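Colleague: Take a look at this one; I'll ask things after.
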Amino acid sequence: MRIDVVSIFPEYLAPLELSLIGKARQDGLLELNVHDLRTFTTDKHRTVDDTPYGGGAGMVMKPEPWAQALESIAAARVAVTESGGSGSSQDGPAKQPVLVVPSPAGERFNQALAYELAEEEQLVFACGRYEGIDERVIEWSAEHFTVRPVSLGDYVLNGGEVAVLAMVEAIGRLLPGVVGNPESLVEESHSDGLLEYPVYTKPSSWRDRDVPAVLLSGNHGKIAQWRRHEQFRRTAERRPDLLAKFDAGGLTRADRTALGELGYDVVDGHLRHRPNDDVSD
Ligand code: 6GU
């Protein structure tokens with residue numbers, strides 16, 4: 001996979017040289033280029049922003065530096081495909097790279113979107129600052145890219161850079177060979193629409209707290225059932241919104257019993273929380 005990031009603070013992306021993602025780059029599993037938007041300006045002051053039409057607080061990013069930056073990235077890709085790389089003319093027209101525009105006004109980023117984006121050949125991240133990028137850039141870039149405004153959640157960051165750190169890590173670890181043991185991708189939060197079960201290591205007793213006995217029992221069936229129950233319990237407590245979306249089609253009887261104890265019934269293939277009935281008498 002190739003990733004290009006455009007930002008006025010390229011140093012913000014330095015952590016992508018560390019740890020798993022840094023290693024993936026060294027191993028050639030991921031090519032990552034960070035571009036300084038200011039190198040695509042032509043004025044003496046290297047201006048990237050201006051006041052908003054219609055008035056209001058803050059500044060808006062000017063369109064032309066963005067067009068120059070994104071055109072140069074799109075052109076670099078054409079050079080790659082024409083020299084016989086994947087997606088050359090004999091395979092039909094090459095797929096457009098995805099332009100991810102981090103924004104609190106975007107669609108929500110989640111594990112499903114991370115998996116979807118991990119399938120792409122090339123991702124480009126356009127880090128806006130200030131009040132955002134002139135909307136015409138977003139419209140115009142559809143000529144070269146599949147454009148996806150994406151948000152990490154319902155809160156506001158000062159710019160897209162921190163969001164890109166999160167998204168590149170979430171996507172990069174799904175690329176083949178990046179995570180040493182691919183099984184660790186199976187049993188983690190959100191891989192099955194539920195939160196992860198709690199984990200413990202030695203010593204079995206620590207500061208008067210014991211590891212749950214079932215985990216020391218050696219009974220793998222019981223352990224799996226306990227972990228599943230803990231996933232339901234945690235998800236019900238912390239993220240009931242996930243249970244409401246959960247596909248209840250594949251639930252076992254033991255699952256249904258566990259969920260029933262947590263107040264959830266299966267109705268039309270979905271989980272529904274039972275109205276509180278312990279206030280009778
Ligand atoms: Cl992706 N960008 C910015 N600037 N703020 C955010 C965000 C993204 N996600 C949540 N808040």
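The values are calculated or read from the model by the stated rules, or taken from the named source; none is laboratory data. From a predicted model like this one, the values you see are computed outputs, not experimental measurements. Cβ placement follows ideal geometry from the backbone for every residue including glycine, while neighbour counts extend to all protein chains displayed. Accessible surface areas use protein heavy atoms only, side chains included; no ligands, DNA or RNA. Shrake-Rupley method; radii C 1.70, N 1.55, O 1.52, S 1.80 Å.
Colleague: Can you tell me which of (1) at pLDDT below 95; (2) charged (D, E, K, R); (3) open to solvent by 50 Å² or more (accessible area, probe 1.4 Å) is the one E11 doesn't meet?
Modeller: (1) is the only condition that E11 fails.
Colleague: Right, next: If you go through the range 126-183 one residue at a time, how many are outside any loop (DSSP other than H, G, I, E, B), open to solvent by 80 Å² or more (accessible area, probe 1.4 Å) and modelled with pLDDT of 95 or more? First the steps, then the outcome.
Modeller: From the range 126-183, those outside any loop (DSSP other than H, G, I, E, B) are 126, 133, 135-143, 146-151, 161-172, 182-183; that's our starting set.
Those left that are additionally open to solvent by 80 Å² or more (accessible area, probe 1.4 Å): 135-136, 139, 143, 169, 182-183.
Narrowing the set further to residues that are modelled with pLDDT of 95 or more leaves 135-136, 139, 143, 169.
Matching residues across the range 126-183 total 5.
Colleague: Any residue in the range 223-237 that's in contact (Cβ under 8 Å) with a residue 40 or more places away in the chain: show its pairings with residues that are assigned to a helix (DSSP H, G or I) and of a type outside the set (G, A, S) at Cβ separation under 6 Å, as long as the two are six or more apart or on different chains.
Modeller: Short answer, once both residue conditions are applied: T235/L242; T235/L243.
Rundown of residues vs (1) more than 14 Å from the ligand (Cβ to nearest atom); (2) more than 22 Å from E71 (Cβ to Cβ); (3) without any contact (Cβ under 8 Å) to a residue 12 or more places away in the chain, yes/no style:
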{"site": "E139", "(1), (2), (3)": "yes, no, yes"}
{"site": "N158", "(1), (2), (3)": "no, yes, no"}
{"site": "V164", "(1), (2), (3)": "no, no, no"}
{"site": "V179", "(1), (2), (3)": "yes, yes, no"}
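Colleague: Being part of a loop (DSSP other than H, G, I, E, B) and within 21 Å of V162 (Cβ to Cβ) is the requirement here; does G28 meet it?
Modeller: Working: part of a loop (DSSP other than H, G, I, E, B): yes; within 21 Å of V162 (Cβ to Cβ): no.
When the stated conditions are applied, G28 does not pass them.
Colleague: Tell me, which helices (runs of 4 or more DSSP H) wholly within the range 197-281 include 3 or more residues that are of a type outside the set (V, I, T) and over 23 Å from N110 (Cα atoms)? Before you say what the answer is, go through the steps one by one.
Modeller: Numbers: elements: 220-238, 240-245, 253-261.
Fully inside the range 197-281 and qualifying: 220-238, 253-261.
Colleague: Restricting to the range 184-205, and then to whatever is modelled with pLDDT under 95 and open to solvent by 70 Å² or more (accessible area, probe 1.4 Å), can you tell me which residue is nearest to the ligand (Cβ to nearest atom)?
Modeller: H190
Colleague: Could you tell me which of the residues L152, L194 is in contact (Cβ under 8 Å) with a residue 40 or more places away in the chain and closer than 30 Å to I8 by Cα? Step through it out loud before you land on a result.
Modeller: On the way: L194 fails: closer than 30 Å to I8 by Cα.
Checking each option against the conditions leaves just L152.
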